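Shown next, in structure tokens, is the structure this report addresses.
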Amino acid sequence: MSTPATIGLLRTLLPPSEVHESGTPSHRAQSLPWSQHAEVNPKLVVTPSDLSSLQSTLKLLYEDPTLDFAVRNTGTGSASARDVILSMQGFKDFVFDEQTETATLGAGLDWGEVEVLMAAQAPGWALVGARCGWVGVAGGALVGGYSWLSHEFGLISDPQNLLDVQVVLRDGRVVWASEEDGELLWGMRGGGGNFGVVSALKMRARRYREAIFAGMAFLPYERLDEVGRWVAATVEREKDPKLAFTITNQGPGTGRPAQGARPGIAVYLFDANGEEHARSQEYGFGELLAMEGVELLGGMVPLSGMTKLADSYRSYQGFNKFWGTAPLLEEKLDAGLIARAWTWYEKSIEACPELGDGSTVLFEFSQEVCCAFHLVVHRQFEADSETRASSARPALARHQHGRIPDASISCRLCWAVML
């Protein structure tokens, strides 16, 4: 079957409301990637809204080996294709079951929508979800997924959080991965959408405090060395799983004007112990908040209030040209790391002023419960290349039961530059 013929059949297979032609506003909304580098202008976007139409669509797509197609939800992962995008925006079901302590999420939801639904239907309960509300639930879960709760409960994809996945396979069958094949569920926890199209995810729900301390601390560029020393000392000291922070540059993503090659510092602060603990010099962020020139926006809010702090970045979608890298730093951090990152940023923008407004340098603090699984798998994979597939499974089983004592505290430092 030729690609034009397949596209023509798609137009007749689905109702007009689920077919979005190139050049229409709905096509733009359903195909806009995160970065402009990923834009390849698909000819058609389809948004099936039930399992039957999804099965038929997927089976047709796979029958044409020359067809270029991609599956997406919110577009944060920049999935795109020349011919067809299969958008999961029609799958927004939500079911909370207090008895089993689970929530089943449609793959078309984003984490911001999930937080609204949890607040309305499951007050006092929480899911391990993404740090930004505009991230899709499926994409965020299938590639690992950092959460503000990860220090306590691990990554989104970890087996104590992502319990099961409903998948439409390439032959059109709908299965729950745990019932079909243990290998399938294992592979989807971090393996991405390479095994089928996810239509729903079953997540573990936990009772959690209804208010946490969430804030953003803004500091001037001149405090860079002080902040670097605070970061190194905090990473060395901090063992409290209810505390987390992220550091980035001030700019449009943080709701501030662009600040050129020497931007100020923005620190996202999370403390589930409450505001008194967060402001403590001994246990919380007190030393940072006492620095000269600091401006704090924040207080006690629902958990959703923390993810809303990143809402300004939502406007970057489709209007940036991000390239990113995210090394994992396992060694002891020195006090000059943050200053060196800012120096790199400064030199990059001086060399290419166009980087400006949409450029971001990002440091994420991750305690052992987040990184333990990845460290162990990485070490086992390196140990014996001939038994990589089998050696990863014991690591998964070990991590499933909680912290791994010998895992170091580590951090992730990311650069995303606008080109």
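The values are calculated or read from the model by the stated rules, or taken from the named source; none is laboratory data. Please read all numbers here as calculations on a predicted model, not as lab measurements. Note: ideal-geometry Cβ built from the backbone for every residue, glycine included; neighbour counts use all protein chains shown.
Just to be sure, is GLY129 farther than 17 Å from GLU210 by Cα and surrounded by 24 or more Cβ atoms within 10 Å (Cβ to Cβ)? Criteria not met by GLY129. Filter the stretch 118-147 for residues that are touching a strand residue (DSSP E or B) at 6+ places or on another chain (Cβ under 7 Å), part of a loop (DSSP other than H, G, I, E, B) and under 27 Å from VAL197 (Cα atoms) and give the result. Matches in the stretch 118-147: LEU127, GLY133, TRP134, VAL135, TYR146. With respect to PHE363, is the statement that it is buried (at least 19 other Cβ atoms within 10 Å of the Cβ), in contact with a Leu (Cβ under 7 Å, 6 or more places away or on another chain) and modelled with pLDDT of 60 or more true? Spelling it out, PHE363 is indeed buried (at least 19 other Cβ atoms within 10 Å of the Cβ), in contact with a Leu (Cβ under 7 Å, 6 or more places away or on another chain) and modelled with pLDDT of 60 or more. Among the residues here, GLU113 qualifies as surrounded by fewer than 24 Cβ atoms within 10 Å (Cβ to Cβ), within 18 Å of the chain's Cα centre (by Cα) and under 30 Å from ARG11 (Cβ atoms). All of (1) out of contact with any helix residue (DSSP H, G or I) (no Cβ under 6 Å at 6 or more places or on another chain); (2) part of a loop (DSSP other than H, G, I, E, B); (3) without any contact (Cβ under 8 Å) to a residue 40 or more places away in the chain hold for GLU183 with one exception: (2). How do the strands (runs of 3 or more DSSP E) wholly within the stretch 1-108 filter down when requiring 1 or more residues that are under 21 Å from the mean Cα position of the chain (by Cα), surrounded by fewer than 20 Cβ atoms within 10 Å (Cβ to Cβ) and in contact (Cβ under 8 Å) with a residue 40 or more places away in the chain: which remain? Ranges flagged: 102-106. Residues of the stretch 219-243 that are in contact with a strand residue (DSSP E or B) (Cβ under 9 Å, 6 or more places away or on another chain) and over 22 Å from ASN273 (Cα atoms): LEU219, PRO220, TYR221, ARG223, LEU224, GLU226, VAL227.
The residue that is surrounded by the most Cβ atoms within 10 Å (Cβ to Cβ), counting only those in the stretch 166-180 that are in contact with a strand residue (DSSP E or B) (Cβ under 7 Å, 6 or more places away or on another chain) and in a helix (DSSP H, G or I), is ALA177.
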